[in-house]
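Take a look at the structure set out below.
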Amino acid sequence: MPKLQFPDNFYWGAATAAHQVEGGNHNDWSEWEKQNADRLARESEQAFRWNPNWKKFAAAATDPKNYISGSACDHYSRFREDFDIAQSLHHSAHRFSIEWSRIEPEEGQFNEEAIEHYRTVIAALRERGLEPFVTLWHWTLPLWLAERGGTASQDFPRYFERYAAKIAGSLGSEIQFWITLNEPDVVSAHAYLKGEWPPQKKNPLTYLRGLHLLIRAHRLAYQAIKQHSPAAQIGIAKHQIAFQMARPTFINHFLKAIADWGWNSFFLNRIKNHQDFIGLNHYNRSVIDNGFRKNPNKTQTDFGWEYQPDSIYQALVELKPYNKPIYITENGIADASDELHQKFIPAALAAVHRAIADGADVRGYLYWSLLDNFEWDKGFWPRFGLVAIDYATQTRTVRPSALAYAEICKNNALETAVI
Ligand code: IFM
């Protein structure tokens, strides 16, 4: 049977983020959820009526409880069980995030117990042969910092540097791969351009200011980590959109150039001397035809996003000019039925393989997500997991797509018959 072989030592695995899986968090998001759950439930039909899958998740989406992260997947206590599953699925790496609000619940006061927790998490991964990819900030803030203006505060870069230095000093010898920031542009756009996520302050100038502060925060954290661990490999997880022209007109060329510059390159260019690899988070393409998002949307995932596993090829080859190793730190779809999932993973991996053949230095693939989890302002109904979670009982069920992915991980190869 013909096979697409991946490079030796390629990392295979999946990703999670603290607030989405741990449970029991107390941060700016958990507060925001309490204040907004009723509204989100009330507005859900209006917000999602356009989605052809609305009926499938209407009951969950109209229930305010859906919007409270609460005990989430209880991963804070069940991480060993979850890593056992990842190991049984032949994963060799796992991405997770450290919850800043647990580490520094009060300004400048670090909680050593919480640090020990993450030391245990890292050890549990290593015991199972899983390489940790550690994210320092996946969007949630300690309350004291949110009260001071969060990422839009002039002091944010220094606070982040201090937090990064603390983690590097405590856990640095155990971590090889660091992701300082997750999708800084996505979270800033939702908070300050759309005004939908905490702190819901719609102001384009604050958006730009916040981005600059995040760039500074990353650079300072990079230096702080390198001081403790010179061999550390440090990057960010960057959300990249594949902008594709429907027709090569002058206007479409112009729109693509602007979008590539503003969304795909701006942040990466500003940190290019402060990153050892690029973490790629990829979910969407945007077809340009005298405007953006003119996608045909022939098939849509539960989330209402276009099903198009191939666009990761373009996202990867467009990163080649940076001449850095690339780790795919997120890629996936929400699909409760698992039917699309089973097609998506091999199809996306065939596109990754093609990008490698065309010169992209891709060294790992971390699926989003290991577990179903709390999808921010959408709550629990979107099902991104390789492993299904029954939130009432916390039962884990491995989905068929996870088993198919496990074969690929085990063989470091994809059988072309499954594409
Ligand atoms: O769940 C999110 C994650 O937190 C950041 N990247 C996109 C995922 C799916 O929306």
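None of the figures in this text is laboratory data; all of them are computed from the coordinates on show. Being a predicted model, the structure only gives us computed values, none of them experimental. Neighbour counts run over all protein chains shown; Cβ positions are idealised from the backbone, glycine included.
A few notes on this one:
- Mean ellipticity per residue at 222 nm, deg cm²/dmol - from DSSP H runs of n ≥ 4 across the chain, formula -39500 (n - 2.57): -12500 deg cm²/dmol
- Normalised radius of gyration (Cα atoms, divided by 2.2 N^0.38 Å) for the range 380-419: 1.45.
- Toward the positive end of the charge dipole of the chain, with +1 on the Cβ of Lys and Arg and -1 on the Cβ of Asp and Glu, the farthest Cα among Thr120, Tyr207, Ala41 is that of Tyr207.
- With contacts taken as Cα pairs under 8 Å at a separation of at least 6 residues, the chain carries a relative contact order of 21 percent.
- A Förster radius of 51 Å, combined with the Cβ-Cβ distance separating Lys298 from Glu147, puts the computed FRET efficiency at roughly 0.65.
- Here the Gaussian network model covers the chain, with springs between Cα atoms less than 10 Å apart; of Gln109, Gln176, Gln240, Gln109 fluctuates the most.
- Compactness of the range 33-129 as Cα Rg over 2.2 N^0.38 Å, two decimals: 1.47
- Likely footprinting exposure, Thr397, Thr180, fewest C-beta neighbours within 10 Å first: Thr397, Thr180
- Projected label distance in nm at Ile251 and Arg162, using a 7 Å step from Cα toward the beta-carbon: 5.2
- Amide H partners (placed H, <5 Å) of Ala14, local residues excluded: Ala93, Arg95, Tyr367
- Among Ile271, Ile179, Ile241, Ile251, the ranking by other beta carbons within 10 Å of each residue's beta carbon, starting with the fewest, stands as Ile251, Ile241, Ile271, Ile179.
- Distance between the modelled labels on Arg354 and Glu113, one decimal in nanometres: 5.2 nm (7 Å Cα→Cβ projection).
- Spherically averaged projected area in nm², based on the convex hull that wraps the Cα atoms of the chain: 18.9
- Relative to the current alpha-carbon distance between Ala388 and Asn273, full extension at 0.36 nm per residue lengthens the span by 37.4 nm.
- GNM remark for the chain: springs join alpha carbons under 10 Å apart, and the peak mean-square fluctuation among Ser101, Ser88, Ser71 falls on Ser88.
- Semi-axis lengths, Å, the range 146-269, gyration tensor of Cα atoms, sqrt of 5 times eigenvalues: 30, 20, 10
- Fewest-first ordering of Leu4, Leu213 by other beta carbons within 10 Å of each residue's beta carbon gives Leu4, Leu213.
- For the chain, modelled as a GNM whose springs connect Cα atoms under 10 angstrom apart, the maximal fluctuation among Ala61, Ala93, Ala257 occurs at Ala257.
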